[in-house]
Amino acid sequence: MTVGFDYSKSFIKKHEVDFMKPFLKEAHNLLHDGDGPGNEFIGWLDWTEKYDRQEYEKIKTVAAGIRQKADVFIVVGIGGSYLGARAAFEALTHTFHNLLPREERQAPQIYFAGNNMSPKYMTDLMETLEDKEVYVNVISKSGTTTEPAIAFRILKSHLEDKYGKEEARNRIFATTDGSKGALKTLATNEGYETFVIPDDIGGRYSVLTPVGLLPLSVAGIDIDQLMEGAHEAAIQYGNPNLDENRCYQYAVTRQILHKRGKDIEILVNYEPGLQYLGEWWKQLYGESEGKDGKGVFPASVNFTADLHSMGQLIQDGKRNIFETSIVIENAERDLEISHDEENLDGLNYLQGKTIGHVNRKAFEGTLLAHLEGNVPNLIISLPLLDEFNFGKLIYFFEKACAISGYLQGVNPFDQPGVEAYKKNMFKLLGKEGY
Ligand code: PA5
């Protein structure tokens, strides 16, 4: 049960990887000795070992209670306080979770809010809450982010109008800083159950903290397995030997490709449930590497759907791209293609084959075509799309991202650039002090 990594389809030669060994060693030491830029935010590195067991048990108990009582659970957050939970939720639950009958779901419907400023989204969401038992988890490390703060204000007032202030209190859970910020103050004053986002873990590295664990546990995802997978990854990818460490091989090979002028990395999936993994990964790599005039532009596509749109550009457009393909080796559930007497669609040659088999051949065919089109491919494989392997994959990407940032010579843990638009927006909105 392991995450596989294969760079044999990337046009990179072994000696090029070997050449990176001293640089990799330095990046590894910087990270593990805690001497690198941004070292105050490396709490995620050994988090799977050191996380607060008491709080973890509280998460499971609270989640079990919500699972029983709630019809709808709304997860309010944006960026690093949202994308990890969304990615794992979409990947690990039934594709149509919210549409399943309650008995089958064994969990509330899960909705996400506070990740946009759309009046349509919010009004539509509020309309769906009529006659439903609603519970809310508001997540913000700073406690001051505008999008979740506005969504939460609306939801809080909805809950208080519907259930009264006392009962609303029992239905609101806040995940935020342990001591400071507007949300912390609000939660303390209102008496909400709170969960702590550790000081030394930044938003985009926080999915394995209460930020992701509470919503995922409410959704019925086995967070023990998720943490176990991540823990195994932490041990495995702690190995400084590049020849044995696939996570480091990914970090190194993407840097080699970048140096060759490949400025865009496209994360490819063949599972619709992995679409949000792509969104999470884009934030992780975009915010971590995109600074000081540097950075690979992270993009994502969902195949086979996007083969019918982006496929043209990837095959035949400007050669400044490389792909990182995620392949799931074994489908947990599959469907066989049946025989049809008339065969008007001409598909009888596939009778007895599964959709998973066709999907695999689509991957193999696409890989060959894109290699012919001179698109280097890095391949990450997962034996199964389950909690354990997803936990491993999360850690794989986080660790590779940190190493990749150090190889590139940037601080992979800050995001000074995201403040610029906020200043302008606040000024335009007339906020005091701007
Ligand atoms: O990575 C980041 O820092 C951002 O994406 C934040 O996670 C995002 O802005 C949400 O911030 P907060 O959790 O403080 O509301």
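For the range 1-33, filtered to residues that are among the polar types (S, T, N, Q) and under 22 Å from GLY405 (Cα atoms), the residue that is most open to solvent (accessible area, probe 1.4 Å) is ASN29. Of the residues making up the range 316-364, just one is of a type in the set (Phe, Trp, Tyr) and over 30 Å from PHE297 (Cβ atoms), namely TYR349.
Looking only at residues in the range 186-213 that are away from the ligand (no atom under 14 Å from the Cβ) and part of a helix (DSSP H, G or I), the one that is most open to solvent (accessible area, probe 1.4 Å) is ASN189. Does LYS422 qualify as being basic (Lys, Arg) and in contact with a strand residue (DSSP E or B) (Cβ under 9 Å, 6 or more places away or on another chain)? So LYS422 fails the test.
When GLU130, GLU166 are screened for being more than 23 Å from LEU284 (Cα to Cα), at pLDDT below 95 and open to solvent by 20 Å² or more (accessible area, probe 1.4 Å), only GLU130 passes.
Rundown of residues vs (1) of a type in the set (D, E, K, R); (2) touching a Phe, Trp or Tyr at 6+ places or on another chain (Cβ under 9 Å); (3) away from the ligand (no atom under 16 Å from the Cβ), yes/no style:
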| position | (1), (2), (3) |
| --- | --- |
| TYR248 | no, yes, yes |
| GLN255 | no, yes, yes |
| LEU284 | no, yes, no |
| LYS291 | yes, no, no |
| GLY295 | no, yes, no |
| PRO298 | no, yes, no |
| PHE303 | no, yes, yes |
| GLY311 | no, yes, yes |
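Among residues of the range 227-244 being under 23 Å from GLY202 (Cβ atoms) and not in a helix (DSSP H, G or I), the one that is nearest to the ligand (Cβ to nearest atom) is TYR237. In the range 61-87, of all residues being assigned to a helix (DSSP H, G or I) and within 16 Å of the ligand (Cβ to nearest atom), the one that is farthest from ARG153 (Cα to Cα) corresponds to ALA87. The condition (being free of Cβ contacts under 8 Å to residues at least 24 places away in the same chain, in contact with a strand residue (DSSP E or B) (Cβ under 6 Å, 6 or more places away or on another chain) and over 18 Å from ALA27 (Cβ atoms)) is satisfied by just one residue among LYS282, LYS262: LYS282. Taking the criterion of being within 26 Å of PHE89 (Cβ to Cβ), open to solvent by less than 10 Å² (accessible area, probe 1.4 Å) and part of a helix (DSSP H, G or I), the residues of the range 250-279 that qualify are TYR250, LEU274, LEU277, GLY278. Exactly one residue out of ALA151, ALA174, ALA168 is within 21 Å of the chain's Cα centre (by Cα) and hydrophobic (A, V, I, L, M, F, W, C): that is ALA174.
Table: residues versus (1) in contact with a Leu (Cβ under 6 Å, 6 or more places away or on another chain); (2) open to solvent by less than 10 Å² (accessible area, probe 1.4 Å).
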{"position": "ILE355", "(1), (2)": "yes, no"}
{"position": "PHE363", "(1), (2)": "no, no"}
{"position": "VAL375", "(1), (2)": "no, yes"}
{"position": "LEU378", "(1), (2)": "no, yes"}
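In the range 303-412, counting only helices (runs of 4 or more DSSP H) that sit wholly within it, the ones holding 1 or more residues that are in contact with an Asp or Glu (Cβ under 8 Å, 6 or more places away or on another chain), of a type in the set (S, T, N, Q) and in contact (Cβ under 8 Å) with a residue 60 or more places away in the chain span 387-408.
The values are calculated or read from the model by the stated rules, or taken from the named source; none is laboratory data. Since the model is a prediction, treat every value here as computed from it, not as a measurement. Using ideal geometry, Cβ is built from the backbone for each residue, glycine included, and neighbour counts are taken over all protein chains shown. When the accessible area is computed, the model is the full protein with side chains, heavy atoms only, and any ligands, DNA or RNA have been set aside. Shrake-Rupley method; radii C 1.70, N 1.55, O 1.52, S 1.80 Å.
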